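Here, each number is a calculation from the coordinates, and none is a lab measurement. This is a predicted model, so every value here is computed, not measured. Virtual Cβ from ideal backbone geometry, glycine too; neighbours counted across all protein chains shown.
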Amino acid sequence: MNLLLVSILLAFVVGFSAHRAGVCTVAAVAELRSTNQARLFISFLKTVLWIVLISKTLLLWHPELARVWQVDSTFWLALAGGFIFGVGATISGGLLYTINGKWAYSSIVVQTVTGRSGNSVNPDTALYLFMALLAGAIFSALSGRRFKFSFAGDKWSRNLAGGFLMGFGAMMVPGGNSALILQGLPQLSLHAITAYPAMILGIMVAMKVLERITGKALYVNCSGDQCRVEL
């Protein structure tokens with residue numbers, strides 16, 4: 001089977017599993033503050049360990065797949081970008097799938113397929129992989145009966161402001177929440193190790209400020225494989 005077709009299938013699986021399992025650090029911080037438990041953070045750690053185990057096993061069979069990942073950023077940009085992304089994610093209450101930059105899901109798979117690590121990749125290929133990723137997430141939502149359109153007018157301003165900050169922060173790192181957990185941290189990237197704690201701090205600060213403004217706190221309680229979210 002064509003390697004690109006395999007990569008498209010894998011991108012679909014990544015989108016499905018990321019949505020179904022959930023790697024939302026906002027929810028993880030809210031759970032820690034709500035119940036003093038860290039089930040979601042522990043699940044993130046398990047995810048990182050599984051990625052390391054599987055990728056290292058694959059590299060033993062196919063060492064030619066190893067790539068040197070380079071990030072065009074600095075320590076301070078990663079630190080500031082992580083904090084800004086955390087604030088934006090808390091304001092909007094959602095996540096951003098990064099589609100630009102070297103830590104983007106589509107870019108990661110493209111570099112593996114083409115054997116190149118720069119920006120000189122086929123943009124059509126990146127688009128196909130991103131669409132497969134998005135399709136996987138949508139399929140997960142539909143099959144779990146959690147897909148719906150929301151046109152709540154009072155949330156548009158928060159979503160726009162939060163989305164802007166998330167995009168701005170993701171370009172500074174570069175990489176968003178999911179890219180940090182699923183690619184940066186398993187590689188022990190200095191930028192990921194720097195940006196992720198900064199993102200957690202940004203989430204905590206934003207939560208504190210929003211609680212003072214709105215008088216409401218985000219409550220997350222996880223038990224078994226289910227997490228209950230309340231405002």
Subject >> Neighbour-count ranking [beta-carbon atoms within 10 angstrom, fewest first] of 60, 218, 201, 165 >> reply: 60, 201, 218, 165
Subject >> Simple label model, 7 Å out from Cα along Cβ direction - residue 211 to residue 59, nm >> reply: 4.1 nm
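Suppose the chain between residue 2 and residue 188 were pulled fully straight at 0.36 nm per residue; how much longer would it get relative to their current alpha carbon spacing?
Working: separation 186, 0.36 × 186 = 66.96 nm, distance 3.08 nm.
Full extension of this stretch gives 63.9 nm more.
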Original post:
Which order results if 12, 75, 139 are arranged by neighbouring Cβ count within 10 Å, fewest first?
Top reply: 75, 139, 12
**OP:** Please list the non-local residues whose amide H lies under 5 Å from the amide H of residue 222, H modeled 1.01 Å from N, same-chain partners needing a gap of 5 or more.
**Re:** 228
Subject >> In nm, spacing of pseudo-spin labels at residue 76 and residue 41 (7 Å Cα→C-beta vector) >> reply: 2.9 nm
